[in-house]
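Notes follow once the structure below has been shown.
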Amino acid sequence: MLTNLCGVLRSSARHSLLLSSRSFASQAGALGSFSNVLDGALNVKSSQFQESQAHMAKLTNELRERVTKARQGGGEAARARHESRGKMPVRDRIDSLLDPGSPFLELSPLAAYDMYGGDVPSAGIVTGIGRINGVECMILGNDATVKGGTYFPLTVKKHLRAQEIAQENRLPCVYLVDSGGAFLPLQADIFPDRDHFGREFYNQATMSAMGIPQIAVVMGSCTAGGAYVPAMSDESVIVKGNGTVFLGGPPLVKAATGEVITPEELGGADVHCRTSGVTDHYANNDAHALDITRRIVSNLNYRKEPSVTQTPIEEPIYS
């Protein structure tokens, strides 16, 4: 009986295979050859292709124009004032900081596009990933030609996003600080939020505790909330003459106490390198500060651990 059952099953299986093969053959015959079904040839002379190509070229050119304009910062007049003080533009600072010829992966170059009256290109801050002495770092540089490098609501978001990427990928952070702090007319939109201005410092403390180096270079104003950036960094550099760190500047001191004091006397390089200890390295100018920063990174002996757990691979069953 068992033998008869096996015979019936084999006969049924052969019948099913025969029906399947006939069905497949009929479908293939209806569709034609497979090469005709999936035709990968591209007709570049067709009107549809020409229209799509022209539309894509228009969008690409528009994107390039917007990015180019954003990279100009606050304009020629603001750039001239900036350079007259012996300061390098933020993108020149980044170029000097990176290894010669190495790439820079800029993040969010069109942040705040067409917002705030169109006067805040790149949200007033340049962020991106670059290589310093062979070490991949997250670089955050304030653009002082854009509203004095002050923080708008989207400047904060861009800053926090860069820190988030740095934390996820264990990238050392280098802050090129040249900022007047929060943009006060919009401060109501900057502070009352989970991802608010103060979270920048929380992120600094968290990453430092995780062993992700935090390095600040004070190359201009570092006022109000911005003063916490160098104070909470693992190592800080300050530029003589231009770099200042204080919560309230000379006008506020005069209004509160009547004392007349210069920015350098209140929170300059000599104060913080020789007295307060907020900063660790004294630089004569921007170029010197960036050289010191490159040396700091080279001395970190930092090795980025992979962000995913690697497991042994298994050979494929079929090759």
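The values are calculated or read from the model by the stated rules, or taken from the named source; none is laboratory data. Here the structure is a predicted model, which means the values were calculated and not measured. Cβ sites come from the backbone with ideal geometry, for glycine too, and all protein chains shown count toward neighbours.
Please verify whether VAL308 is under 22 Å from LEU140 (Cβ atoms), β-branched (Val, Ile, Thr) and either surrounded by fewer than 11 Cβ atoms within 10 Å (Cβ to Cβ) or under 25 Å from the mean Cα position of the chain (by Cα) (or both), treating the condition exactly as stated. Spelling it out, it is not the case that VAL308 is under 22 Å from LEU140 (Cβ atoms), β-branched (Val, Ile, Thr) and either surrounded by fewer than 11 Cβ atoms within 10 Å (Cβ to Cβ) or under 25 Å from the mean Cα position of the chain (by Cα) (or both). Look at the range 277-305: where a residue is under 15 Å from ASP92 (Cα atoms) and in contact (Cβ under 8 Å) with a residue 60 or more places away in the chain and a partner is in a helix (DSSP H, G or I) and among the basic types (Lys, Arg), sitting 6+ places away or on another chain with Cβ atoms under 7 Å, you get ASP286/ARG93; LEU290/ARG93. Scan the range 137-189 for residues that are among the hydrophobic types (A, V, I, L, M, F, W, C) and within 20 Å of ALA289 (Cα to Cα) and the total you get is 9.
Figure legend. Inter-residue proximity from the range 51-80: first residues farther than 25 Å from ASP119 by Cβ, second residues assigned to a helix (DSSP H, G or I) and at pLDDT below 95, beta-carbon distance below 6 Å, spacing 6+ or different chains. No pairs are indicated. If you go through the range 132-168 and keep only what is at positive phi and in a loop (DSSP other than H, G, I, E, B), you end up with ASN133, GLY134. GLU136 meets each of the listed conditions (1) under 17 Å from PRO213 (Cβ atoms); (2) of a type outside the set (Ser, Thr, Tyr); (3) surrounded by 18 or more Cβ atoms within 10 Å (Cβ to Cβ) apart from (3). For HIS196, indicate whether it is in contact (Cβ under 8 Å) with a residue 24 or more places away in the chain and assigned to a helix (DSSP H, G or I). In short, no. Would a scan of the range 92-115 turn up a residue that is over 16 Å from ASP178 (Cα atoms), of a type in the set (D, E, K, R), more than 15 Å from the chain's Cα centre (by Cα) and not in a helix (DSSP H, G or I)? Within the range 92-115 (the criterion being over 16 Å from ASP178 (Cα atoms), of a type in the set (D, E, K, R), more than 15 Å from the chain's Cα centre (by Cα) and not in a helix (DSSP H, G or I)), the answer is yes, since at least one residue qualifies. The lone criterion from (1) more than 18 Å from GLY243 (Cα to Cα); (2) crowded, with 17+ Cβ neighbours inside 10 Å left unmet by GLY101 is number (2). Considering the conditions (1) closer than 21 Å to GLY226 by Cα; (2) surrounded by fewer than 17 Cβ atoms within 10 Å (Cβ to Cβ); (3) among the hydroxyl-bearing types (Ser, Thr, Tyr), SER96 is excluded by exactly one of them, (1).
Close Cβ contacts (under 7 Å, 6 or more residues apart or on different chains) running from residues in the range 201-216 that are closer than 13 Å to VAL229 by Cα to residues that are hydroxyl-bearing (Ser, Thr, Tyr) and assigned to a helix (DSSP H, G or I) comprise PHE201/TYR228; GLN214/SER208; ILE215/THR293. Do we find a residue being touching an Asp or Glu at 6+ places or on another chain (Cβ under 6 Å), surrounded by 19 or more Cβ atoms within 10 Å (Cβ to Cβ) and closer than 25 Å to GLU200 by Cα anywhere in the range 224-237? There is at least one residue in the range 224-237 that is touching an Asp or Glu at 6+ places or on another chain (Cβ under 6 Å), surrounded by 19 or more Cβ atoms within 10 Å (Cβ to Cβ) and closer than 25 Å to GLU200 by Cα. Please tell me if GLY124 is within 14 Å of the chain's Cα centre (by Cα) and either touching a residue at least 24 places away in the same chain (Cβ under 8 Å) or within 24 Å of ALA287 (Cβ to Cβ) (or both). In short, yes. Pairs meeting the criteria (first residue in the range 242-257 and more than 17 Å from VAL217 (Cβ to Cβ) and charged (D, E, K, R), second residue at pLDDT 95 or above and not in a strand (DSSP E or B), beta carbons under 9 Å, at least 6 apart or on different chains) are LYS254/VAL260; LYS254/ILE261. Within the range 176-191, which residues are closer than 13 Å to LYS157 by Cα and not hydrophobic (A, V, I, L, M, F, W, C)? The answer is ASP189, and nothing else.
Looking only at the range 121-135, decide whether some residue is farther than 26 Å from THR309 by Cα and among the hydroxyl-bearing types (Ser, Thr, Tyr). Yes - at least one qualifying residue is present in the range 121-135. Would you mind stating whether GLU83 is modelled with pLDDT of 95 or more and within 30 Å of THR127 (Cβ to Cβ)? Taking the combined requirement at face value, the residue satisfies it. Within the range 50-63, can one find any residue that is surrounded by 14 or more Cβ atoms within 10 Å (Cβ to Cβ), on the phi < 0 side of the Ramachandran plot and at pLDDT 95 or above? No: zero hits.
The condition of being modelled with pLDDT of 95 or more, surrounded by 14 or more Cβ atoms within 10 Å (Cβ to Cβ) and part of a helix (DSSP H, G or I) holds for only one of VAL218, VAL245, VAL271, that being VAL271.
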